[in-house]
1. If you check A:Arg178, A:Arg156, A:Arg140, which single one turns out to be within 21 Å of A:Pro284 (Cα to Cα), surrounded by fewer than 24 Cβ atoms within 10 Å (Cβ to Cβ) and within 14 Å of another protein chain (Cβ to nearest Cβ)?
2. With the condition kept exactly as written, say whether any residue in segment A:334-353 is surrounded by 15 or more Cβ atoms within 10 Å (Cβ to Cβ) and without any contact (Cβ under 8 Å) to a residue 40 or more places away in the chain.
3. Filter segment A:354-371 down to the residues that are open to solvent by 10 Å² or more (accessible area, probe 1.4 Å), assigned to a helix (DSSP H, G or I) and within 11 Å of chain B (Cβ to nearest Cβ), then identify the one that is modelled with the highest pLDDT.
4. From B:Val165, B:Val170, which residue is closer than 23 Å to B:Ser73 by Cβ, part of a helix (DSSP H, G or I) and open to solvent by 40 Å² or more (accessible area, probe 1.4 Å)?
5. Out of B:Gly89, B:Gly83, B:Gly94, report the one residue that is in contact with a Cys (Cβ under 7 Å, 6 or more places away or on another chain), over 30 Å from A:His356 (Cβ atoms) and surrounded by 12 or more Cβ atoms within 10 Å (Cβ to Cβ).
6. One residue is enough: does segment B:131-143 have a residue meeting the conditions closer than 30 Å to A:Ala370 by Cβ, within 14 Å of chain A (Cβ to nearest Cβ) and not in a helix (DSSP H, G or I)?
7. Can you name the residue in segment A:220-241 that is touching a Ser or Thr at 6+ places or on another chain (Cβ under 9 Å) and facing chain B (nearest Cβ under 10 Å) and is also modelled with the lowest pLDDT among such residues?
Amino acid sequence: MVETQATSDATEPPATAPIQAGLAVAFAGQTTPELIGPLLRSAERELARGFPDRSGVFLLTEQDSADGTMAAARDAVTDPARLIQLAAPHDGPRAPSPAARAQTIRLIFESAAAFGADALAVIDADLTTLEPDGIHRLLRPVVEQGADFVGPYYARPRFAGAITSSIVYPFMRALYGRRLRFPAGGDFACSSRFGKFCSAQATWGGDGSRIATDLWLVHRALTGGFKMSQAVIGLRSGAAADEDAELSAVLARVLGALFIETERNVPFWQKVRTSEPVPLAGTPVGAEKDGPTIDFKQTVDAFRLGLDHLMPVWEVVLPPSSLHELRKLARRTEDQFRLPDALWARIVYDFAIAFHTRVMSREHLLPAFAPLYLGWLASHVAEMSGADFARSERRVEDLCLRFEAEKPYLISRWRWPDRFNP
Amino acid sequence: MWDQVTLALKDSLSRVLSSLASFVPAVVAMLLAVLIAVIVGAVIQWILCRILYGLRFDERLNDWGLSAIAEWSPGRSPTRLVGRVVIWGSIMIGVLVGVAALETTLMTAMLSRLIAYLPNVFIAFLLVVFGSVLARFLARGVLIGAVNLKLQSPHLLSLGVKWLVLVLSVAMALEHLSIGGEILKLAFGILFGGIVLAMALAVGLGSKDVVSRSWERQADRQAEPADAPFQHL
């Protein structure tokens, strides 16, 4: 029998749970009967093999009852009493709201605490194709090494996740000094200490969307003095419903979440000088298949269109030297089209400063970044065509080092935005 | 008889001289009032401009997104605009005081009409300022949105939105000032209707083939299996 932990009307978990479990594995997001069965069977096997002396409980966010997902889930587990259905917050008659990610994760944390779980793994069931021991790898640093937060390390098709590689990872690494490769990954594991810390926060940051919530969680782990780790878990295969929007909207959401945290954590990141590696469980590999290709000409044309028309907006944000470099870049041919790492790092930093100093409406500032990102993407595609996984990762590493080297520029302009304008 | 003529002339001269004698002080008073107003206005202007320059008023207005005001200011400086408003306001008050010294009944009537009209001027001014800020905000939003949608004439769209809002706010301001009356409404209706009609014709006739090709492509895309989109995140 499936126990429903909360209904859509009341999302509070009970203070005491009928069963106790040392480990909890939560599957967030909508899934299908075909996916959930193998996923649960694999998770149960991994827990039994990896942690034989601990019992586990499976938390599943509310599913579409008509398609038989819950029935498939019940059939998959050996003890259905350990399968708990959580009511996902709704904004419509059936489908859970993607903007309710924050509420869902909070509910998962509270439920895991109610079951007495010391370690919790949260998996995006609809987006991630887990490796056979992905859940074990996620949970092991928490159970055996005392880690508080374990981030995912995905295998991704070439060029996929370009926003993460070009902005989120280098920016967060330079600011907070930890080399967490996929900071905005939706899958993670955490200790009960971290779960309780997050549950105790009065407000969860951002707009409650998937990306804002995931970034909020990682920022709490980075700035809260928690022990961090990361684990190779499998292939991140899809885009979440709230990330399926137009590119400028996705960028605005990501940059907005990053820059709000930048404002919030000024005393922390201004003291950080270098970055340290985060322990990694497993060996990173690239995806076996290539993802969708990027049309270089279309991407460069979008950048040039932005350069032709958005100059009045960019002039308010970027210093003249950066604008001059961008104009020179727009005139180059494909084989010479390279956006220097230092220029890219300064562009991202300049937008963070403009966001902080409110030189213009944030609803205008963040979408105006999209053509610049497409310029970087075109440059990256032109440079990395034919590169293998190792070379691509080395290139990302070089970019991160440049972000770290340019951090004094961010600090100086943050402190004196008007006076420091090279 | 000659005595009577002389007496009449003396009376007349005396009346004219006495009128002149009573008018000249009023004229002198008016000139003095204007002169004092100019001096006081200049002093206030100087002090105010010093304070505003000290507060970096021009840069702050720009930061608050009110740079449209700078476009209309002398020397692109809103501080100088404030200074001009102060000195001309002071001169106007001086002239009014001076005119009051000449003719009190005329002045009372003028003042009461002016005071009754001032709220309209203030609201019209607010309408134009608000319209200008809104026009600029919307124009920039449309420009950024059009560039991100990869439309080929984003500037034209942005300019269209900006002038539409500006014309609308100026028309509302003039209506509030009771200037133009029905002619203004009619002209505005014709202008607005004309713009919309011209745009509809331009799109309908000029982009007929583009629209039909776009629909065909859309239909083809629906028939074919969709490619997976590139994962930016």
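1. Of the residues listed, the single one that is within 21 Å of A:Pro284 (Cα to Cα), surrounded by fewer than 24 Cβ atoms within 10 Å (Cβ to Cβ) and within 14 Å of another protein chain (Cβ to nearest Cβ) is A:Arg156.
2. yes
3. The selected residue is A:Pro367.
4. B:Val170
5. That would be B:Gly83, the only listed residue that is in contact with a Cys (Cβ under 7 Å, 6 or more places away or on another chain), over 30 Å from A:His356 (Cβ atoms) and surrounded by 12 or more Cβ atoms within 10 Å (Cβ to Cβ).
6. Checked segment B:131-143: no residue is closer than 30 Å to A:Ala370 by Cβ, within 14 Å of chain A (Cβ to nearest Cβ) and not in a helix (DSSP H, G or I).
7. Among residues in segment A:220-241 that are touching a Ser or Thr at 6+ places or on another chain (Cβ under 9 Å) and facing chain B (nearest Cβ under 10 Å), the one modelled with the lowest pLDDT is A:Ala240.
Yes/no per residue for (1) in a helix (DSSP H, G or I); (2) among the small types (Gly, Ala, Ser); (3) at pLDDT 80 or above:
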site: B:Ser22; (1), (2), (3): yes, yes, no
site: B:Val27; (1), (2), (3): yes, no, yes
site: B:Trp46; (1), (2), (3): yes, no, yes
site: B:Leu61; (1), (2), (3): yes, no, no
site: B:Ala68; (1), (2), (3): yes, yes, no
site: B:Arg84; (1), (2), (3): yes, no, yes
site: B:Ala116; (1), (2), (3): yes, yes, yes
site: B:Asn120; (1), (2), (3): yes, no, yes
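The values are calculated or read from the model by the stated rules, or taken from the named source; none is laboratory data. Values in this document were obtained by computation on a predicted structure and should not be read as measured data. Cβ sites come from the backbone with ideal geometry, for glycine too, and all protein chains shown count toward neighbours. Ligands, DNA and RNA are excluded from the accessible area calculation, which covers all protein heavy atoms including side chains. Shrake-Rupley method; radii C 1.70, N 1.55, O 1.52, S 1.80 Å.
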